[in-house]
1. Hey, residue A:40 hits all of (1) surrounded by 16 or more Cβ atoms within 10 Å (Cβ to Cβ); (2) closer than 21 Å to residue B:273 by Cβ; (3) more than 13 Å from the chain's Cα centre (by Cα); (4) away from every other protein chain (no Cβ under 12 Å) but one; which does it fall short on?
2. Here are A:51, A:64, A:57: which of them is in contact with a strand residue (DSSP E or B) (Cβ under 8 Å, 6 or more places away or on another chain), within 14 Å of chain B (Cβ to nearest Cβ) and under 22 Å from residue A:16 (Cα atoms)?
3. Got a sec? Which of B:29, B:60 is surrounded by fewer than 24 Cβ atoms within 10 Å (Cβ to Cβ) and away from chain A (no Cβ under 14 Å)?
4. Go through B:13, B:67 for me and flag whichever is part of a strand (DSSP E or B) and either touching a helix residue (DSSP H, G or I) at 6+ places or on another chain (Cβ under 9 Å) or at pLDDT below 95 (or both).
5. Of the conditions (1) under 24 Å from residue B:70 (Cα atoms); (2) buried (at least 23 other Cβ atoms within 10 Å of the Cβ), residue B:245 satisfies every one except a single condition; which number is it?
6. Considering every residue within region B:305-328, establish whether at least one is out of contact with any strand residue (DSSP E or B) (no Cβ under 7 Å at 6 or more places or on another chain) and surrounded by 15 or more Cβ atoms within 10 Å (Cβ to Cβ).
7. For residues that are in contact with a strand residue (DSSP E or B) (Cβ under 6 Å, 6 or more places away or on another chain) and within 14 Å of chain A (Cβ to nearest Cβ), scanning just region B:287-300, find the one that is farthest from residue B:270 (Cα to Cα).
8. Evaluate the following for residue B:284: is it at positive phi and more than 14 Å from every other protein chain (Cβ to nearest Cβ)?
């Protein structure tokens, strides 16, 4: 269900530490329902862990997306902002931004797949 | 689950968008039991109803219901409601769940000058189930001997549904054709399950508070606490059709008549968001760069697939086509006034 290669946050983001790409989890998309808008930051922006990097909005609610780790935004998935409903079909394949970590050791504080699955039980 | 006036209520079952689409294209079943009921009976009941509500209840036949305002002397809303005429001298109010205690106290005060009228809060005697959507008639007809085809919009009748004593009312809060069914609480689960069972083949689904809100907004039905309250007048809410000008005195009549003569300073409008954004309840509205009000209701609707909403604007700026801005979490989104309602059900 939750890819073993990703790390997860209590706020329902995932991050692939190999590439720095991150998104929201399948659990999060289910809670939101039909996603209609996605707002992303500019490339080059620096973010601190836990800081807002964007927002994802469904008919029901708007939900902030938080940076799982501190670093610099190196890529944004502009295509996804055009088709945000993709997140509902494939949350773990729908990366939003890539973050170049400022301190890779921060990843140790994140959840692994089993821990995250436990959290959302 | 969300707590609504002390009731645990599902926001959604299968998903807000699915439920919304089901009501527009098939039918959805809502539990609206938290709505309050107050009955007024006695020789002077009509006079009391006429005094405290804005619409003309004398125009109701027995078996007919009307949308109305429970108005203050300022012509604003204590609540909005449906007034049912059960008998010549027996009326039922259906009021908003969060307002029940406030309304009952208000109503008791309003009937004081009238001689023969008893007021009873009968909220606990009714569960209220709403079946809404184009398949409503066909599905409900399989569970009742009442000839539903003969029941016109805003009329009601008594009978049985799935073997339970029921009052069936052709009313609703979705902009779709449908029924609101009053049943004794002990029969509610049976009736609910029987309707879902009867509708399963046609794709009837249970629907929650989320879809109820997006559906009513598409149909531009006002929500008390969002679009109307005791600071907004019936005319400002663009509901002059529920003002019974021909019936004589009622709470707020003088204030509303004065507003009509002098002209309104503001009025509710419908709008669409032009940019890619959703305006929601409470977001600030800007005209020519200056704050001019707030969004009273806003969403993106699953059927029209547009971000729509309502807001009060200065009267000079209420013409369809007028542009303004909404502050969407720090970003200004362009909005345009459009005629209400956003959605009108196809006739036929």
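The values are calculated or read from the model by the stated rules, or taken from the named source; none is laboratory data. What you see is a predicted model, and the numbers here were worked out from it, not measured in a lab. So basically every Cβ, Gly included, is an ideal-geometry build from the backbone, and we count neighbours across all protein chains shown.
1. Here residue A:40 meets the rest and fails (3).
2. Step by step, each of A:51, A:64, A:57 is checked, and only A:64 is in contact with a strand residue (DSSP E or B) (Cβ under 8 Å, 6 or more places away or on another chain), within 14 Å of chain B (Cβ to nearest Cβ) and under 22 Å from residue A:16 (Cα atoms).
3. None of the other options fit; the residue is B:60.
4. Result: B:67 is the single residue among B:13, B:67 that is part of a strand (DSSP E or B) and either touching a helix residue (DSSP H, G or I) at 6+ places or on another chain (Cβ under 9 Å) or at pLDDT below 95 (or both).
5. With (1) under 24 Å from residue B:70 (Cα atoms); (2) buried (at least 23 other Cβ atoms within 10 Å of the Cβ) applied to residue B:245, the lone miss is (2).
6. yes
7. Applying the filter and picking the extreme gives B:300.
8. No: the conditions fail for residue B:284.
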